[in-house]
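As structure tokens, the structure follows; a few thoughts come after it.
The values are calculated or read from the model by the stated rules, or taken from the named source; none is laboratory data. Being a predicted model, the structure only gives us computed values, none of them experimental. Cβ coordinates were reconstructed from backbone atoms using ideal geometry, including for glycine residues, and neighbour counts include every protein chain displayed. Calculation scope for accessible area: heavy atoms of the full protein, side chains included, ligands and nucleic acids excluded. Shrake-Rupley method; radii C 1.70, N 1.55, O 1.52, S 1.80 Å.
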Amino acid sequence: MNRQLDEDSDFTQLMAGKVRPVSKGRDKASLDTQPATPSEAQLARRASAAAAAETANFLSDEFVDLLPPIDPIEYRRDGIQTGVLDRLRQGGYNPEARLYLIKRPLRDCRQELFRFIEDATAGDLRCLLVVHGRGRAVDSHANVVRSYVAKWLQQFEQVQAYASAVPSHGGIGATYVMLRKSERARARNRERQQKRRG
């Protein structure tokens, strides 16, 4: 009990004269303030980063033959078993990440798809879903994006196969993408196999 009184008096002595109550209205965030505009240096850094990302992007923005809007799309790189493509086409692999490109400008779609595949590769993801929409006319925006996505996916070395999704994942308006297994994932598989064998 004595010790508690000593601590209370020590606290009172330490706080004497140095503590002021919070003034009214200063305990809340102000909603009137506008966000600060970026400085010239910040704008220059942003422009430099965007330019660097654009130069790294190898996806072609040249003319593409438009695909028929009602036909499913699929692709299998040489050396990939047909069973992998069949299972992908049937939705047998669960998508680990999704990219939505619906109603996005084609230039943005190109940048977003490039970043998406690069990030998925870095994260050791295998199965992805790209949702691009479905147009009824050959020259509809959704079908143009779909045609470019089919062309762009073949330009990635890490893309092993792709196929139109099952109806529950978007049907012709979405595409499953199967990426190559990374070296880290292969090493983990080898370790698991060795442990099983004893």
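Val138 passes every criterion in (1) touching a residue at least 60 places away in the same chain (Cβ under 8 Å); (2) β-branched (Val, Ile, Thr); (3) in contact with a strand residue (DSSP E or B) (Cβ under 6 Å, 6 or more places away or on another chain) apart from (3).
For Leu43, the conditions (1) under 30 Å from Arg186 (Cα atoms); (2) among the hydrophobic types (A, V, I, L, M, F, W, C); (3) open to solvent by 60 Å² or more (accessible area, probe 1.4 Å); (4) in a helix (DSSP H, G or I) are fulfilled apart from (1).
The set of residues in region 60-80 being among the hydroxyl-bearing types (Ser, Thr, Tyr) and surrounded by 17 or more Cβ atoms within 10 Å (Cβ to Cβ) consists of Tyr75 alone.
Pairs meeting the criteria (first residue in region 177-196 and open to solvent by 100 Å² or more (accessible area, probe 1.4 Å), second residue of a type in the set (Asp, Glu), beta carbons under 7 Å, at least 6 apart or on different chains) are Arg184/Asp124. The C-beta contact set for region 63-92 (first residue farther than 17 Å from Arg134 by Cβ and among the polar types (S, T, N, Q), second residue modelled with pLDDT of 90 or more and open to solvent by less than 60 Å² (accessible area, probe 1.4 Å), distance under 7 angstrom, 6+ apart or interchain) comprises Gln90/Val166.
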